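Since every read-out is calculated from the coordinates, none of them should be taken as a lab result. Here the structure is a predicted model, which means the values were calculated and not measured. Neighbour counts are summed over all protein chains in view; Cβ atoms, including those assigned to glycine, are modelled from backbone coordinates with ideal geometry.
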């Protein structure tokens, strides 16, 4: 009997390489279904096992780690690369929760990323940390894979796993490097910019903004030429051309413009990036702000210019005193060129005037960092000494350490010489003032001496034995008057009057005076070979001879010798030696003063006519004698020449232009004194002896003389009876009213009153001044009988002539 057929339907999910699902429909027609189904199931299991083995082989052959998870998060499949990655066997992984290989700190991230793992069509990809069997952690990248399967009726999703620990480490290092670079780039003190081949700025750092005050936003996209002064961008284009043609550049200077308009100087260095074809693509530039350095350099140049142009000598040395720099003023002051002193110490300047202790104290001061000031006597290259005020100051670096010394010296040699001259001039002025005071009193004495001597000479008979004595008194008095005149002339208290002078007479007079003062060891001789006249002041010629002869005597003071004075006439040009080049052709009186003394070096001979130069010891001379001689002779259009050598004596030739003409010798001419005719004379002088003397001189000449001892009494007497006086003779220096004041009062009341003014010495009056006041005659005492008689005769003659003219 046949059973009724039954239809059975079952399905099996077969997952293979092809990933196909097969639905199997079976109908039992043989009644042998149970056995057949069992066989079929057995075959299916065998087929499934075979397929699983084939899948596992396939998974193990994959180059990347792999695992599959079911919907409950269990690991259902793993391959060999994953086992190797985790360091464990596959049996220890399958059927375990996936979280077993996830460290606690990564669980939240893992859960969050795997939620979308089973969504249809969704690809999951994320990073997480995994744990190896030894507990070490590493970064892995998980990405869903199309290798899904069913396990125990559950859908599984495959994940491909990559060990990215190395990549993460590299990425971290790269990120750190980029961070460090960015930090360095932004915080670097030097300005940085990159620009293209046209100068368009691509990027700048923070230092750029600090340099020019333009932000990154204000800078990028603009041309570098926009940041220079308008019209001065040629340097930018030249720089770009240089970059394109030559490549990298170093240390080019540019002047940029700050946002506030001021100039900023930079030094730019650039690294050039080129395209594959070698063309200029980009430049990475570093800019160094050199504005301050440039300013300091300009300041240094200005300081160098100041030092080079300074009138003070400047020397810069190191700490050991080695000379590093000297300026032209130092070269001029010391005589040494810079090339010969650089690298040396200033030892060559030592004159020997200062001892070692002096220099030790100097060095102690400056090495302590203090300023040393003092005066040094240094030696010039030519061997002469010069004095300098010196200031040595330390030069310190930014740390405050001494690195150099600067010595500034001011040559005070000339200043000291002038100060000495000033002191000498003041001394001479004081002497002149003293001489004037002495002259006033001495002239009053001489006036009395000469006056009474003249009266005595007139009172005795011509053949009296006292006549020669009185003549000598008068001669000595005249000589004394001339000596006072010379003193006043030398102190510049009297005027010089030039006229024809016979030099031979002055030679004889000077030598007569000198013989009385010179020691017997010095022999004096003179020779007048040609007599002649010169146009000069006799006092000046006297002064010339006195100076030359006293200097010659000084040169022979120790060993004695011979002093010769020779006068002769010479014609220039002619066959003559020792003729000054300044002389013009003509006839000259040549005066030679020659001694056999110690002589002089040529260097001294060159300076003997300099004011205040002297070879005498302090207190023995002023150094003015020969300079005065030179001035007198030069003023006469003459000249002087000198010949001397050590131990051979000295010869000085004085050339004076000869004056044509003759002077009558009036030595023996007797002149009668002019007489008066009863005129009334008022004589005013505080020296009683002079009042009595003048009265005795004028009374015998026919004058009626009234004597007053001061100006006040004289004015009172005149006011009582103005018509009682025909003329007034007055001294200048008196107590109360002076002679000038008295004359002004008298002339104010009687303008035509003749007045004669006399003075022993006064700086306040001159002949011109008294004549302007209406005073008729002016005399410097001592006044002789002839002077007074002649003056009275002149004024009364003038007054008589004036009266006759008025009456007619």
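Descriptive notes on the structure:
- Cβ-Cβ FRET estimate between residue 119 and residue 276, R0 fixed at 45 Å, reported to 0.05: 0.40
- Based on C-alpha pairs under 8 angstrom that are at least 6 apart in sequence, segment 247-357 has a relative contact order of 14 percent.
- Where labels lie 7 Å past Cα in the beta-carbon direction, separation of residue 95 and residue 242 in nm: 8.1 nm
- Stretchable slack from residue 455 to residue 88, in nm (0.36 nm times residue separation minus alpha-carbon distance): 115.7 nm
- Extending 7 Å from the Cα toward the beta-carbon at both residue 475 and residue 364 defines two label points whose distance is 7.2 nm.
- Residue 528-residue 483 FRET efficiency (beta carbon distance; Förster radius 30 Å; 0.05 resolution): 0.85
- Relative contact order of segment 496-659, taken over Cα pairs closer than 8 Å and 6 or more residues apart, is 25 percent.
- Length available on full extension from residue 54 to residue 80: 0.36 nm per residue minus the Cα-Cα distance, which gives 7.9 nm.
- Efficiency of FRET between residue 255 and residue 105 - r from beta-carbon atoms, R0 45 angstrom, step 0.05: 0.15
- Label-to-label distance, nm, for residues given as residue 381 and residue 269 (7 Å Cα→Cβ offset): 4.4 nm
- Extension gain from residue 395 to residue 322, taking 0.36 nm per residue of separation minus the Cα-Cα distance: 24.8 nm
- Segment 62-162 - percent relative contact order, Cα under 8 Å, separation 6 or more: 30 percent
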